[in-house]
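The values are calculated or read from the model by the stated rules, or taken from the named source; none is laboratory data. Since this is a predicted model, take the numbers as computed values, not measurements. Every residue, glycine among them, receives a Cβ derived from its backbone with ideal geometry; neighbour counts consider all protein chains shown. Please note that ligands, DNA and RNA were not included when accessible areas were found on the heavy atoms of the full protein model with its side chains. Shrake-Rupley method; radii C 1.70, N 1.55, O 1.52, S 1.80 Å.
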Amino acid sequence: MSESTLGGLFGGAALGGLNLNTAPAAPEHEETDETIHEVVIVGAGPAGNTAAIYAARADLHPVLFASSVAIGGALMNTTEVENFPGFVEGIQGPELMSNIAAQAERFGTDVRYADVTRLELEGDVKKIHTSDGKIHLSKTVILSTGSQYRSLDVPGEERLSGHGVSWCATCDGFFFKDKVLAVVGGGDSALEEANFLTKYASKVYLIHRRDSFRASDIMQKRVFENEKIEVIWNSQVVEIQGESTVNNLVLEDTATGQNRDLAVDGIFEAIGSDPRIELVADQLELTENNTIAVQGRSSRTSLPGVFACGDVIDPTYRQAIIAAGSGAVAALDAQHYLESL
Ligand code: NAP
């Protein structure tokens, strides 16, 4: 795939409104591709693509399954990335992701834009079922499925999703020029989104359920210095209202239990994410945090030949650089495993 095509694919993966919480439906008829691959990678964020760079350079001819809808993972929803080493002035998240993917392709990674619907991970040859009706075979599988956005699960959220309820400021912020917005959450994502949205919105309410943020000091400083942002502490959104688009939030004071209305034109949810494990939850050992369990600092899962990396194994750090590093670990582990066969 050429870089210009990649640019198009990575240009605007609007995740807001998409339900990423379930595995895609399996096709009715399936056909097995008899080729037995050395390495199949599931998930095309920084972890999966870095695993692909390493595996491709090791001549393992990796096949990388990128989802058909949400290619590129969480970096696609990020604005300026200032802490990825090597970019002195920072780089936009989608551009960084596009670069990593282009690097994986440069070494011959076979990228396929199909959803993995089912995995059979026992035995020497693993089976990877995809939404285009194919069953692919591989000696190893690297899982880099990342994480999915949490929802508030309140009345009005689902109905107004895509009509003022969003999970992606970089995708949807542009549509809210001179509007009043709310961002929910107290982590780095929420503060980053709130800051970013002030580029368009006339005002941004940052709603947090406690009285202090967990976000980094630098992000907090930027928020407190931004005159367009008003922080609403100790508050939960309990209902999202509006006929065809969002026009009001019902907030509950977490200290007093009292409700009040807040007129807004849109709400951006940034309340964290959960590891995307639905394809493997019944086959692999998981941790108490619902991440895939790996052995020590390795990427080895509870099944031989199956490796995991990135946010799907990480309940703590969740950084692009860590996901990328962990992708490298997974490719090296897969390579050592293949050498031992
Ligand atoms: P996070 O750190 O887990 O924060 C989630 C926030 O949402 C918390 O403040 C949490 O409140 C709140 N929350 C969770 N469930 C909620 C609910 N049901 N209702 C209301 N609020 C709720 O998630 P994140 O901000 O997405 O960050 C994830 C990781 O990515 C972090 O390690 C972060 O540092 C990293 N990250 C880094 C950057 C950067 O370096 N530029 C940018 C984005 C993200 P409590 O605080 O009360 O638990």
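Could you work out the relative contact order of the chain? I mean the mean sequence separation of Cα pairs under 8 Å and 6+ apart, divided by the number of residues, in percent.
Relative contact order here is 21 percent.
Relative contact order of region 188-322, please, whole-number percent, based on alpha carbon pairs below 8 angstrom and at least 6 residues apart.
Averaging sequence separation for qualifying contacts and normalising by length gives 15 percent for region 188-322.
If a cysteine in the chain has no other Cys Cβ under 4.7 Å from its own Cβ, put it on the list, ordered by number.
C309
How much net charge surrounds T117 when only the other residues with a Cβ under 12 Å from the Cβ of T117 are counted, with Lys and Arg +1 and Asp and Glu -1?
Within the 12 Å Cβ shell, the charges total -3.
If you restrict to DSSP beta bridges whose two residues both lie in region 81-215, what percentage is antiparallel, to the nearest 5?
60 percent
With all protein chains present, how much of the accessible area of the chain (probe radius 1.4 Å) comes from carbon and sulfur, to the nearest whole percent?
Roughly 46 percent, rounded to a whole number.
Please check the chain for the longest run free of trypsin sites (Lys or Arg not before Pro) that are loop-located per DSSP (anything but H, G, I, E, B) and have at most 10 other Cβ atoms within 10 Å.
1-176
Treating only the Cα positions of the chain as identical point scatterers, give the base-10 log of I(q)/I(0) from the Debye formula at each q in 0.11, 0.14 Å⁻¹.
For the chain, the Cα-only Debye profile gives -0.73, -1.09.
Please sort through the DSSP H helices of the chain and keep those with an alpha-carbon extent of at least 15 Å along the long axis and a Kyte-Doolittle average not below -1.0.
In the chain, the long hydrophobic H runs are 46-57, 93-106, 320-339.
Can you give the calculated 222 nm mean residue ellipticity of the chain, where each DSSP H run of n ≥ 4 adds -39,500 (n - 2.57) and the sum is split over every residue, rounded to the nearest 500 deg cm²/dmol?
That calculation yields -7000 deg cm²/dmol at 222 nm.
Of the beta bridges DSSP finds with both residues in region 183-282, what % are antiparallel, to the nearest 5?
Within region 183-282, antiparallel bridges account for around 60 percent of the total.
Please report, in debye to the nearest 20, how large the charge dipole of region 172-255 is about its Cα centre when each Lys and Arg carries +1 at its beta carbon and each Asp and Glu carries -1 there.
It works out to roughly 200 debye.
Let a ≥ b ≥ c be the square roots of the eigenvalues of the Cα gyration tensor of region 269-341; is it rounded (a/c under 1.5), or, if not, prolate (a/b larger than b/c) or oblate?
Taking the square roots of the gyration eigenvalues as a ≥ b ≥ c, region 269-341 is oblate.
Accessible area, 1.4 Å probe, largest first: how do I71, I313 sort?
So the residues, ranked largest to smallest area, are I313, I71.
Using 0.36 nm per residue of separation minus the Cα-Cα distance, give me the extension gain between F224 and S244 in nm, one decimal.
Length gained between F224 and S244: 3.9 nm.
Please give the per residue accessible area of the chain, computed with a probe of 1.4 Å over protein heavy atoms only, in Å².
That works out to 48 Å² per residue.
Add +1 for every Lys or Arg and -1 for every Asp or Glu among the other residues with Cβ under 15 Å from the Cβ of E288, and state the total.
Taking every other residue near E288 into account, the sum is -3.
Percent relative contact order of region 88-137, based on C-alpha pairs within less than 8 angstrom and at least six residues apart?
Once normalised by length, the contact order is 21 percent.
What longest region of the chain stays clear of GluC sites (Glu not before Pro) that DSSP places outside H, G, I, E and B and that have at most 14 other Cβ atoms within 10 Å?
That would be 159-226.
Can you classify region 239-313 as rounded, prolate or oblate using the Cα gyration tensor, where a ≥ b ≥ c are the square roots of its eigenvalues, rounded means a/c under 1.5, and otherwise it's prolate if a/b beats b/c and oblate if not?
prolate
Using only the Cα atoms of region 145-281, build the gyration tensor, take square roots of its eigenvalues as a ≥ b ≥ c, and label the shape rounded, prolate or oblate: rounded if a/c is under 1.5, else prolate if a/b is larger than b/c, else oblate.
rounded
Only residues of region 129-162 count here: report those whose backbone N is under 19 Å from the spot 7 Å along Cα→Cβ of I36, or say none.
Counting backbone N atoms under 19 Å from the label point, the list is 129, 135-142.
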